[in-house]
Amino acid sequence: MPVVLVANPKGGVGKSTLATNVAGYFASRGHAVMLGDVDRQQSSRLWLQLRPPQARRIATWDMSGENHVVRPPKGTTHAVLDSPAGLHGARFKEVVAVADRILVPLQPSIFDIYATRDFLDKLLEKRPGKARIGVVEMRVDARTLAAERLREFVAGLGVPVLGELRNTQNYVQLAARGLTLFDIAPGRVQRDLDQWAPICAWLDA
């Protein structure tokens, strides 16, 4: 079962936005999807509670016991895990160990850039050999100096940059309804879907 971990030690970089839309993409492809949330804020779990019954089903990540053992719902074929800020230690090793793919969201902020650099170094050192890592640039205004600095930074990361997602209210408005880009008519969000195309291709590869 493919497991996608969305992780970055910095808070507010768009982990839940990325995780919910990845889950929405898998669901749109007809997969039996599980979305897990080990963040104390439980943003993804709240989002699932907002999801309308007529939307494609996404199951909740079932975690039990002191060590939060992952117990996927029966019949699940794809899983997405939304992780907390400050992920480290034994918890870091646990969630990384179950991942086949690791998505790292990154915003064009100097603080985010340095925090992510350290995290990627640790991730490349600790990850299992099977896990593939990709970076997604979040809330990017391509015309700004910050965006240019971000591109310079990611060019030397040694991991693929899968896409650049613009700063748009589409994500905010859809999240408030428990929806993703992949739950509505494509014509309404085509520009954003175009930005997601290389990310989806990487997820499917």
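Here are the numbers for this structure:
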{"quantity": "Meets criteria (among the aliphatic types (A, V, I, L, M), open to solvent by 20 Å² or more (accessible area, probe 1.4 Å) and not in a loop (DSSP other than H, G, I, E, B)) for residue 142", "calculated": "no"}
{"quantity": "Any chance residue 123 is touching a strand residue (DSSP E or B) at 6+ places or on another chain (Cβ under 9 Å), under 30 Å from residue 49 (Cβ atoms) and either in a helix (DSSP H, G or I) or open to solvent by less than 10 Å² (accessible area, probe 1.4 Å) (or both)", "calculated": "no"}
{"quantity": "Neighbours by Cβ (under 7 Å, 6+ apart or cross-chain): first from segment 155-177, under 14 Å from residue 189 (Cα atoms) and of a type outside the set (Ser, Thr, Tyr); second open to solvent by 80 Å² or more (accessible area, probe 1.4 Å) and modelled with pLDDT of 95 or more", "calculated": "none"}
{"quantity": "Checklist (1) surrounded by fewer than 17 Cβ atoms within 10 Å (Cβ to Cβ); (2) under 16 Å from the mean Cα position of the chain (by Cα); (3) at pLDDT below 90 applied to residue 156, failing item", "calculated": "(2)"}
{"quantity": "Among the residues listed as 157, 193, 203, 162, the single one being hydrophobic (A, V, I, L, M, F, W, C), part of a loop (DSSP other than H, G, I, E, B) and out of contact with any Lys or Arg (no Cβ under 6 Å at 6 or more places or on another chain)", "calculated": "157"}
{"quantity": "The one condition in (1) without any contact (Cβ under 8 Å) to a residue 40 or more places away in the chain; (2) within 24 Å of residue 77 (Cβ to Cβ); (3) among the β-branched types (Val, Ile, Thr); (4) in contact with a Lys or Arg (Cβ under 8 Å, 6 or more places away or on another chain) that residue 140 fails to fulfil", "calculated": "(2)"}
{"quantity": "Test: residue in segment 130-139 that is among the hydrophobic types (A, V, I, L, M, F, W, C) and within 22 Å of residue 190 (Cβ to Cβ)", "calculated": "yes"}
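The values are calculated or read from the model by the stated rules, or taken from the named source; none is laboratory data. All of these numbers come straight from a predicted model, not from anything done at the bench. Neighbour counts are summed over all protein chains in view; Cβ atoms, including those assigned to glycine, are modelled from backbone coordinates with ideal geometry. Ligands, DNA and RNA are excluded from the accessible area calculation, which covers all protein heavy atoms including side chains. Shrake-Rupley method; radii C 1.70, N 1.55, O 1.52, S 1.80 Å.
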